[in-house]
Each structure stands twice: as structure tokens, then as C-alpha cells.
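A short worksheet on the structure shown next.
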Amino acid sequence: MTGKFRKIATEEAFSIPEIAKALQKVARSPLDSLDMALMKGVYDAADSGTGYSRMGFLEGLLDLEEKRIPDMDANGVDMHLMLLTAPGVQMFDADTATELATLANDRLADLIKRHPTRFAGLASFAPQSPKRAVKEMERSIRELKLNGFVVNSHTNGEYLDDQKYWPILEVAEAFDRCIYIHPRAPSEGSGMFTHYGMDSAMWAYGVEVGTHVVRMMAAGVFDRFPKLKICIGHMGEAIHFWLWRISFMNKRSQGIGRAPKTQLTIEEYFKRNFVITTSGVEDPLALEYSIKKLGVDNVMWAIDYPYQPSAPAVAFMDNAPLSDADKAKVYGKNAERIFHIKPAG
Ligand code: 1WB
Ligand code: MN
């Protein structure tokens, strides 16, 4: 540990060459999807014209050690919790997706083995084949000792409220491992997101994940899986700001038969079953609201490397007006608990 607080950054992105190559193929395909601007810009910069190529994201995603560890050291970051970056394997056919998720998980486990105090990681899986996804999830925890799971929102326009995906939720709950729902571009009817860069991190990503988790709560997923933990990034994708209204309107919908009856309110589910990270949001007022609304045990610090620079993310948390005890929780202790990371010795 380098500083006063153990700093575990909880939403740090990576990729592997095999997946980058497969995404370049997607980028060159005629697929009609809002994810394509990002695919072209990040994975096929040669013919992009999206502006993304100027950001140099791919190099940062593929570099697991050479520049990443010095960046961590320079900023006093103890650990990256690594996630295969969006869209993960979810734009591939089921066989390719299953194979590449396995490969990514193996690489991640290797990295953690080499640097057990610097990295932890969330396992990928292919929702396209729920049966094989469950197998890979079990292997990731039992054999690879990974720390939880990541899914990049919808899969072919389907969301985790769909019962065909419930075996995935069942295994996560059984292992007491959090599923991190990271954004990708929205699935359909997305014409209104296509301009001004609104297709991705600026706006549509939060709308997409927000929609995803409201679907899950309104469907009653958490009555069936009361202990399931879902993590969402980007300061909770603003869901907790809307909780009062979503809860009120969901009750009304239940009353007139437009939504199934549930045991708890949306607000109660969000407080019981969700944790959030600060990835990519360095706004002290949003942090203060999040901690007041959700409790300091449910908020974790993150950078969103390499999409966001590390230094301002560290300065943001260093300057946050929290007690030392609370700052220690947000910076690392909550992550240790939620993601089963061994406390620093
Ligand atoms: C960006 C941000 C792009 C994220 C991403 O591609 C992801 C961006 C997967 O800043 O354009 C992210 O995770 O916040
Ligand atoms: Mn992110």
C-alpha cells in the first residue's frame, strides 16, 4: 500500500488482441447498430472518421502492464479491478463469444497471478449461450479465482429481466459474486442518440444501463434472487436521482396491471441489491448525494482507465470532504467486501 488509503480502482478496462481483431471484423461488417461508431473508431481507426481514433484508447486497453503499472504507481493507485471493455463478447455469435470470453478470463487470471497485489478482475461470459455462460462463470470463480462478473448491458437487444438469462443470475447469487452491468450503446429505437456524440459515454450509455436495471427491478427479478448484487458504474448512471419518481410510477403501473406485483418498491430494491462506482464522474455534489442516498458502504471509487485519466480521479477522491473512515471505504474497503479482494496485509 502506497498511501494513507488503499486505492482500489473498480472499473478499469482492458482488452486482448484476439478480441480487438474480432471487433475490427465487426467494425468492417455492414451491421446496423449504434455501437458501430465506437467499433470503427477504436478497432478500425483506418477508416473511421468518428474522431475516436484520435483518443488512442486501443493501446491503453491492450497494455496490461507496461504503461498501466507505472500510471498506477505515479498516482498512488494500489489496484485495478479489471473488466473486459464494452461491448465485451456480446457482438459475436455464441461460439465465438464463448471462446473469446474464456480466453479473456484466462489472460486476466494470468495477469493477476503475476501481480496479485496490483490486479483483481471480473469474469466475462457469453449470454448468447446461457448454459455455457454458467459453466464459464463457475470456472472463473472456482478455478481462476476471479472476483465477480461483468456484462455489457443488452445482448442482441435482450436484457437480464428475460427469464432465459436467469441461470446467469442464479449462479452469481449462489457464489455471492456481484455482476457489474457496464454500458454499451442502446439496442433499438436509437435514432435519437445518433448525433453530437450522444451515442456513447456522454449520454446513451447511462440511459441504456438505467433502462436495463429498471427493467430488472420492475420485472421482479430481485424477488426471485433477493441476495443478488448488481454493480453499476458512472456514479450509478443517475438511477438513484430518479428513484422517488420511478418507485411512484411503478406502483401506479402495478395498480393498473401494467407491471407485475413485486414484494418491494423500486427504491427498496435499489438500496438492497445495488452498489455503484464513481467511474468517469468527478463531481463532488454527485458523490455527496450518492453517499447520502445509498449509504457510504455502497459507493466505490473508480477511474475508468484508459477512458479517463487517473490523476484527476485520484485528486477528486483525495479532495472529497469525507471522514478518513468513510474515505477508506469508498477508496478500497467496500471493494474488498463486494469483490472478495484480500485485505492488504
Ligand atoms: C468511452 C467510455 C468509450 C467508456 C467506451 O467504449 C467506454 C468514451 C467502450 O469515453 O468514449 C466507458 O466505459 O466509460
Ligand atoms: Mn466505463
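The values are calculated or read from the model by the stated rules, or taken from the named source; none is laboratory data. Predicted model, so just to flag it, every value in this text is computed and none were measured. No Cβ is skipped: glycine too gets one built from the backbone with ideal geometry, and neighbour counts run over all protein chains shown. Surface areas here come from the heavy atoms of the whole protein model, side chains and all, with no ligands, DNA or RNA. Shrake-Rupley method; radii C 1.70, N 1.55, O 1.52, S 1.80 Å.
Here are a few things to note about the model shown:
Yes/no per residue for (1) more than 16 Å from ligand 2 (Cβ to nearest atom); (2) surrounded by fewer than 22 Cβ atoms within 10 Å (Cβ to Cβ); (3) within 30 Å of Leu62 (Cα to Cα):
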residue	(1), (2), (3)
Glu288	yes, yes, no
Ile291	yes, yes, no
Gly295	yes, yes, no
Pro309	no, yes, yes
Asp318	yes, yes, yes
Pro321	yes, yes, no
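- Residue, nearest to the chain's Cα centre (by Cα), within the stretch 105-130, restricted to residues that are within 20 Å of Leu160 (Cβ to Cβ) and part of a helix (DSSP H, G or I): Asn105
- Of the residues making up the stretch 182-200, those that are surrounded by 18 or more Cβ atoms within 10 Å (Cβ to Cβ) and within 21 Å of Asp32 (Cβ to Cβ) are Pro183, Arg184, Ala185, Pro186, Ser187, Phe193, Asp199, Ser200.
- So Gly257, is it without any contact (Cβ under 8 Å) to a residue 12 or more places away in the chain and over 16 Å from Tyr331 (Cβ atoms): yes
- Check on Ile19, of a type in the set (Val, Ile, Thr), surrounded by 22 or more Cβ atoms within 10 Å (Cβ to Cβ) and under 19 Å from Thr155 (Cα atoms): yes
- Positions within the stretch 131-157 being surrounded by fewer than 19 Cβ atoms within 10 Å (Cβ to Cβ), assigned to a helix (DSSP H, G or I) and not basic (Lys, Arg), in sequence order: Val134, Glu138
- Single condition Ile179 does not satisfy, out of (1) out of contact with any Leu (no Cβ under 6 Å at 6 or more places or on another chain); (2) open to solvent by 10 Å² or more (accessible area, probe 1.4 Å): (2)
- Checking each residue in the stretch 203-222 for being modelled with pLDDT of 95 or more and either surrounded by fewer than 16 Cβ atoms within 10 Å (Cβ to Cβ) or more than 16 Å from ligand 2 (Cβ to nearest atom) (or both) picks out Thr211, Val214, Arg215, Met216, Met217, Ala218, Ala219, Gly220, Val221, Phe222.
- Of the residues making up the stretch 87-103, those that are crowded, with 24+ Cβ neighbours inside 10 Å and out of contact with any Asp or Glu (no Cβ under 8 Å at 6 or more places or on another chain) are Gly88, Val89, Ala97.
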